[in-house]
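Trainee: My structure is below; once you've seen it, I'll send some questions.
A short reminder: the numbers here are calculations on the coordinates, not readings from a lab. Fair warning: this is a prediction, and the values are worked out from it, not measured in the lab. Reconstructed Cβ throughout: ideal geometry from the backbone, glycine too, with neighbour counts over all protein chains shown.
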Amino acid sequence: MAATRPNRFPGFDAASQWRHWDAATAGAVMKRLGPPPPFRYFTPDEQSTAVALCDRLLDLEPDCPVNVVAMIDSRLAEAETDGWRYEDMPEDGRAWSVSLAGLKSDAVDRFQIPFAELDPPSQNSIIGAVRKLGSEAWHGLPPDHVWSLWTRYACTAFYGHPFGWNEIGFPGPAYPSGYKNLGLDAREPREKADEGGA
């Protein structure tokens, strides 16, 4: 189970900033708070493996309202990639499928059960083993580039959601108002000060 994260911005709610956004921006942001779209890219098996992986990568609480894997699935289904990929990697959707199958295979080899059914410490040991491979190929993929793929997509999904913004004190888009206080330690009026909690 994930450790409870300190609340560095108590009482802060990025979604409450909607009045500062134009209608299109507010609509796009508030849509993220609704139910996720149905899965279209991942198979059910890939989905369960991806959920377990992202829970470990982001140390998510069981009641976290951000459906990270649904957001990743939606991006892959729409081919909304980062616009680039490593030369030695397949396209992102294929890389996700191969790497999720690799996690399941490694779990079955080591523990005789699929990755999604392992306890968190066992899942962490498999992820850590992939991370430590260096330049040695893992299921035909370079592990450092797989790690980059996983973390880029997981972090983009989590921190693209207002709940993720609450964790870092980000009040959301500055459109149409823009930023007024540029510079180090120059908070905008709608930004909340970091109250620590480290």
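Trainee: Work from the charge dipole of region 38-168 (Cβ charges, +1 for Lys and Arg, -1 for Asp and Glu, about the Cα centre) and give the residue of 62, 127, 116 farthest towards its positive end.
Mentor: Farthest towards the positive end: 127.
Trainee: Okay, next question. In whole Å, what is the distance between the alpha-carbon centres of region 87-125 and region 48-68?
Mentor: Region 87-125 and region 48-68 have Cα centres spaced 15 Å from each other.
Trainee: Just going by the charge dipole of region 38-168, with Lys and Arg at +1 and Asp and Glu at -1 on Cβ, which of 39, 163, 150 is farthest out on the positive end?
Mentor: Farthest towards the positive pole: 150.
Trainee: Using only DSSP helix segments of four residues or longer, with each worth -39500 (n - 2.57), what per-residue ellipticity at 222 nm results for the chain after dividing by its residue count and rounding to 500?
Mentor: That comes out to -14000 deg cm²/dmol.
Trainee: Please list 143-150, 41-48 highest first by mean number of surrounding beta-carbon atoms within 10 Å per residue.
Mentor: In descending order of packing, they fall as 143-150, 41-48.
Trainee: To two decimal places, what compactness ratio does region 15-114 give when its Cα radius of gyration is scaled by 2.2 N^0.38 Å?
Mentor: 1.29
Trainee: Have a look at 116, 137, 157 and tell me which one the Gaussian network model of the chain (Cα, springs below 10 Å) gives the largest fluctuation.
Mentor: 137
Trainee: Next up: Above 23 Å lies some portion of the pair distances; for region 42-198, what is it as a whole percent of all C-alpha pairs?
Mentor: Summing the P(r) of region 42-198 above 23 Å gives 46 percent of all pairs.
Trainee: Something else now. Suppose every K and R has +1 on its Cβ and every D and E has -1 on its Cβ; what is the size of the dipole of region 38-168 about the Cα centre, in Debye to the nearest 20?
Mentor: My answer is approximately 140 debye.
Trainee: Net charge within 12 Å of residue 160 by Cβ-Cβ distance, Lys/Arg positive one each and Asp/Glu negative one each, not counting residue 160 itself?
Mentor: Cβ neighbours under 12 Å give a net charge of +3.
Trainee: List 20, 139 from most exposed to least, where exposure is judged by having the fewest other Cβ atoms within 10 Å.
Mentor: Exposure proxy ranking, most exposed first: 139, 20.
Trainee: Against the globular-protein guess of 2.2 N^0.38 Å, express the Cα radius of gyration of region 54-112 as a ratio, rounded to two decimals.
Mentor: Computed over Cα atoms of region 54-112, the ratio equals 1.33.
Trainee: If I take every Cα pair under 8 Å that is 6 or more residues apart in region 38-168, average their sequence separation and divide by the length, what percent do I get for the relative contact order?
Mentor: Relative contact order of region 38-168: 31 percent.
Trainee: I'd like the orientation of helix 92-111 relative to the chain: the angle between its Cα long axis and the longest Cα principal axis, in ° from 0 to 90, rounded to 10.
Mentor: Between helix and principal axis, roughly 60 degrees.
Trainee: Another question, if that's okay. Need the full-extension length gain, residue 77 to residue 45, defined as separation in residues times 0.36 nm minus the C-alpha distance. One decimal, nm.
Mentor: Stretched fully, the residue 77-residue 45 segment lengthens by 9.9 nm.
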